[in-house]
1. I'd like to check something: does region 27-44 contain any residue that is among the polar types (S, T, N, Q), over 24 Å from the mean Cα position of the chain (by Cα) and either at pLDDT 90 or above or surrounded by 11 or more Cβ atoms within 10 Å (Cβ to Cβ) (or both)?
2. Identify the residue in region 144-161 that is surrounded by fewer than 13 Cβ atoms within 10 Å (Cβ to Cβ) and either among the polar types (S, T, N, Q) or farther than 24 Å from Ser93 by Cα (or both) and, among all such residues, is modelled with the highest pLDDT.
3. Take Ser93 and tell me if it is under 22 Å from Ala27 (Cβ atoms) and touching a residue at least 12 places away in the same chain (Cβ under 8 Å).
4. In this structure, does Val176 turn out to be open to solvent by 30 Å² or more (accessible area, probe 1.4 Å), assigned to a loop (DSSP other than H, G, I, E, B) and hydrophobic (A, V, I, L, M, F, W, C)?
5. Can you report the number of residues in region 136-157 which are out of contact with any Lys or Arg (no Cβ under 9 Å at 6 or more places or on another chain) and closer than 18 Å to Arg106 by Cα?
6. Which residue pairs have Cβ atoms closer than 7 Å, lie 6 or more positions apart in sequence or on different chains, and pair a first residue in region 172-186 that is more than 21 Å from Tyr109 (Cα to Cα) with a second residue that is among the small types (Gly, Ala, Ser)?
7. Within region 179-190, track down each residue that is over 15 Å from Glu156 (Cα atoms) and not in a loop (DSSP other than H, G, I, E, B).
8. Go through the residues of region 97-105 one by one and say whether even a single one is buried (at least 18 other Cβ atoms within 10 Å of the Cβ) and under 30 Å from Phe189 (Cβ atoms).
Amino acid sequence: LVVVDRFERDPGAGNIIDALEVDANLAVIEVRGIDFQVDYAADVGPGTFTGKVVATNLLDWEQAITSADPLEQFAGTASGGFDVLPEWKTTLSLGYGVGAFNGDLRMRYVGDATDTSFPDFKLDSVTYWDLTLGYSFDQWVEGLRARGGVTNLTDEEPLIYPSNQQSNTDPATYDVLGRRYFVNLTYSFQ
């Protein structure tokens, strides 16, 4: 016989004190999907063309509050309880470099989803475009590089949906900042 004291009582008042709280993770999540990536590079004209596709196909995201509860399917949905879980997310990058110059155009695709709290409400798919241009100053200062570009080139708005999420969107999935510009200068040395 094993006796475990989970709490003590205050001898004067009889109140519970020093309760032993044991966390228990009883939820069940089963996820199944396919991730793939394809990279390509070739000399084209005076420079080099590069391409990359990274994609995820979420086949199943099943969840239950406890192991005794039935699993519920959440692939392709959005709710206030967790992030948007589209069935497809894809990133495509196309680049070209000639000498010290290089450029990259990137497409970020987020598939459609249905709001679990409002089944008639559908979140459309969204595509973001980013552009980056760079120049290497190696002929003057080895290791010095400059880059600049635009994130969310087409200024796509974040998708808004009725479930109580962070301001009725998912900032981990959708671009909430809009179009923005950046410039950076890096220097690498050994």
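The values are calculated or read from the model by the stated rules, or taken from the named source; none is laboratory data. The model shown is predicted, which means the values in this text are computed figures rather than measured ones. Backbone-built Cβ (ideal geometry, glycine too); neighbour counts: all protein chains shown. Ligands, DNA and RNA are stripped out before the accessible areas are found, and what is left, the full protein with its side chains, is counted by its heavy atoms. Shrake-Rupley method; radii C 1.70, N 1.55, O 1.52, S 1.80 Å.
1. Taking region 27-44 and keeping what is among the polar types (S, T, N, Q), we get 37.
Then drop every residue that is not over 24 Å from the mean Cα position of the chain (by Cα), which leaves none.
No, that holds for no residue.
2. Thr154
3. On the way: under 22 Å from Ala27 (Cβ atoms): no; touching a residue at least 12 places away in the same chain (Cβ under 8 Å): yes.
No, not satisfied.
4. Numbers: open to solvent by 30 Å² or more (accessible area, probe 1.4 Å): yes; assigned to a loop (DSSP other than H, G, I, E, B): yes; hydrophobic (A, V, I, L, M, F, W, C): yes.
Yes; evaluated as a whole, the condition is true for this residue.
5. Kept after step one, since they are out of contact with any Lys or Arg (no Cβ under 9 Å at 6 or more places or on another chain), are these residues of region 136-157: 139-149, 157.
Filter again for closer than 18 Å to Arg106 by Cα, leaving 147-149, 157.
Of the residues in that region, 4 qualify.
6. Correct list of pairs: Phe182/Gly148; Phe182/Gly149; Val183/Gly148; Leu185/Ala146.
7. Just the residues of region 179-190 that are over 15 Å from Glu156 (Cα atoms), to begin with: 182-190.
Scanning region 179-190 gives Phe182, Val183, Asn184, Leu185, Thr186, Tyr187.
8. From region 97-105, those buried (at least 18 other Cβ atoms within 10 Å of the Cβ) are 102, 104; that's our starting set.
Right, trim to under 30 Å from Phe189 (Cβ atoms) and you get 102, 104.
Within region 97-105, one or more residues are buried (at least 18 other Cβ atoms within 10 Å of the Cβ) and under 30 Å from Phe189 (Cβ atoms).
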